[in-house]
Amino acid sequence: MLTGKKVLVGVTGGIAAYKAAEVVSRLRKLGVEVHVAMTKSATEFITPLTLRSLSTNPVYVDMFDEPKLWNVEHIALAEYVDSVIIAPATANILAKMTTGIADDFLSTVLLATRAPIFVAPAMNHAMYHHPATQENLSRLKERGIKIIGPGTGFQACGTEGDGRMSEAVEIVETVTQWFSGQDCLKGKKALVTAGGTQEPLDPVRYLGNRSSGKMGYAVAQALQEAGAETILVSAPTDLPTPSGVTRVSVHTALEMYDAVLERFPNIDVVVKAAAVADYRPATQAEQKIKKDGVSRTIDLIPNPDILAELGRRKTSQVLIGFAAETENLLANAQEKMHRKNVNLLVANDVTKPGAGFGSPTNIVSFLFPDGRRIDFPQMSKLEVARNLVAEIANLLGT
């Protein structure tokens, strides 16, 4: 699965730096094009010459070294590689990644790359359990960075506990498993809806909801990672469009309805993660409604049910729905799943801490028409999305 992939191995200044040599060696044996970037502290533990000999490529250390090629090297490398592995990942580099500090070659590449990043923490167990380190790891997970380990055992400082860097074989196997799912939806076309629609009252005001769009955008990213040609039909949001995803911007439920139904016949999988307004104002004022101290009544009319319409029209498509509930989660979600004729429904209670609108994390259950249910603990929305993509691949038989 790794043959032909381009991987950057980042080595930071800890005693476990010697294990980076085996990581590089194992990757090379699998046909990976390996590049190495080291911090200056890492060179105190293992020489660039060792890693250059194993990788057969120049090793990057100093931001201001003479370029190996005529380009802005840290940017070119960040865009060139398919993934980045930081092994060992010290408490220092984890803190830099969390706060966005870019004061050397490696940390600058980490800030510039959009490739998936794996980190293998390595430090004294007291440092590992310090609240600052644990908070940094949690925040990195929320951003979709994958944490490998750490292991437990005897440490160079003479103590014993967790904080040891995972062995090279485990690191390489983890990356291999991740890449093995990257092409599982290759050749498939996916459509995702995201964000909260806005139903105008006048040229200034609208009826809306608290949806941030983060869950839908994470699903679009995960589908694209898995090789699907992905279209994102998005209500207004400040989120950046995931790399490689085609975005179609809409505002209202009617606009989203038209955009989705137009494309539906040529789509293999639809994930309806948007918070679509159930109602819209019956009339829209042409000019801003002025405040005059008089009570007003807004007449609302129902919007079309996009998910239900897709459920009626689907033939071979896989249809995924979301149910954001505030009470009777499973009962309401199961009823919705059968009524909307979906293949899988993602249910979450938005009143739970860590699962509400705007949160970087979610707590969900996957419900299936045959009665199966998979409950997940709190995790980043990108992790939820990647688990969802795995189920989509199963439903498509890929």
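Of note:
- Amide H contacts for ALA275 (H built 1.01 Å from N in the peptide plane; partners 5 or more residues away or on another chain; cut-off under 5 Å): GLY195, GLY196, THR197.
- Given their separation in residues at 0.36 nm each and the Cα-Cα distance between them, VAL248 and GLU309 gain 20.0 nm when the chain is fully extended.
- Radius of gyration (Cα atoms) of the stretch 6-180, expressed as a multiple of 2.2 N^0.38 Å: 0.95.
- Packing here is the average count of other Cβ atoms within 10 Å per residue, and on that basis the peptides 310-320, 83-93, highest first, run 83-93, 310-320.
- Candidate lysines for bridging to LYS290, where Cα separation is under 16 Å - those fewer than 8 sequence places away on the same chain excluded: none
- Share, in percent, of DSSP beta bridges within the stretch 189-396 that are antiparallel, nearest 5: 35
- The simple spin-label model puts a point 7 Å past each Cα toward its Cβ; for ARG296 and THR351 those points are separated by 3.1 nm.
- Test item: Cα-centred dipole of the stretch 6-180, Lys/Arg +1 and Asp/Glu -1 on Cβ, debye: 260
- Extending 7 Å from Cα along the Cβ direction at ASP65 and again at THR176 yields two label points whose distance is 2.9 nm.
- Cut-off under 5 Å, modelled amide H: who pairs with LEU232 long-range: VAL192, THR246, ARG247, VAL248
- Two-site label geometry, ALA331 and GLU286: point separation in nm, points 7 Å out along Cα→Cβ: 5.0
- If the segment from THR56 to GLN134 were pulled out straight at 0.36 nm per residue, it would be longer than the present Cα-Cα gap by 24.5 nm.
- Segments 101-111, 129-139, 40-50, 217-227 sorted - mean Cβ within 10 Å per residue, highest first: 217-227, 101-111, 40-50, 129-139
- Under 15 Å of direct C-alpha separation, and excluding same-chain neighbours fewer than eight residues apart, LYS340 reaches these aspartates and glutamates: ASP278, ASP305, GLU309, ASP370.
- Listed values for the stretch 272-288 are Karplus-derived 3J(HN,Hα) couplings in whole Hz (6.51 cos²θ - 1.76 cosθ + 1.60, θ = phi - 60°), namely 8, 9, 6, 9, 8, 4, 6, 9, 9, x, 5, 9, 10, 5, 6, 10, 4, and x replaces Gly and Pro.
- Label zone of ALA156 (point 7 Å out along Cα→Cβ, amide N under 18 Å): in the stretch 100-121 this covers 120-121.
- ASP370-LEU30 FRET efficiency (beta carbon distance; Förster radius 45 Å; 0.05 resolution): 0.70
- Whole-Hz Karplus values for the stretch 83-96 come out as 6, 10, 10, 9, 8, x, 10, 6, 4, 5, 5, 5, 5, 4 Hz, taken residue by residue from phi with 6.51 cos²θ - 1.76 cosθ + 1.60 and θ = phi - 60°; glycine and proline positions read x.
- Other-chain or far-sequence residues with amide H under 5 Å of GLY151's (modelled H): GLY163, ARG164, MET165, SER166
- DSSP bridge pairs, the chain: antiparallel proportion in percent, nearest 5: 30
- Straight-line reach from LYS5: taking Cα to Cα under 23 Å and skipping same-chain neighbours fewer than 8 places apart, the lysines in range are LYS19, LYS29, LYS68, LYS146, LYS186, LYS188.
- With the convex hull of the Cα atoms taken as the outline of the stretch 244-389, the averaged projected area works out to 11.7 nm².
None of the figures in this text is laboratory data; all of them are computed from the coordinates on show. Computed from a predicted structure; not experimentally measured. Glycine gets a Cβ as well: all are built from the backbone with ideal geometry, and neighbour counts include every protein chain shown.
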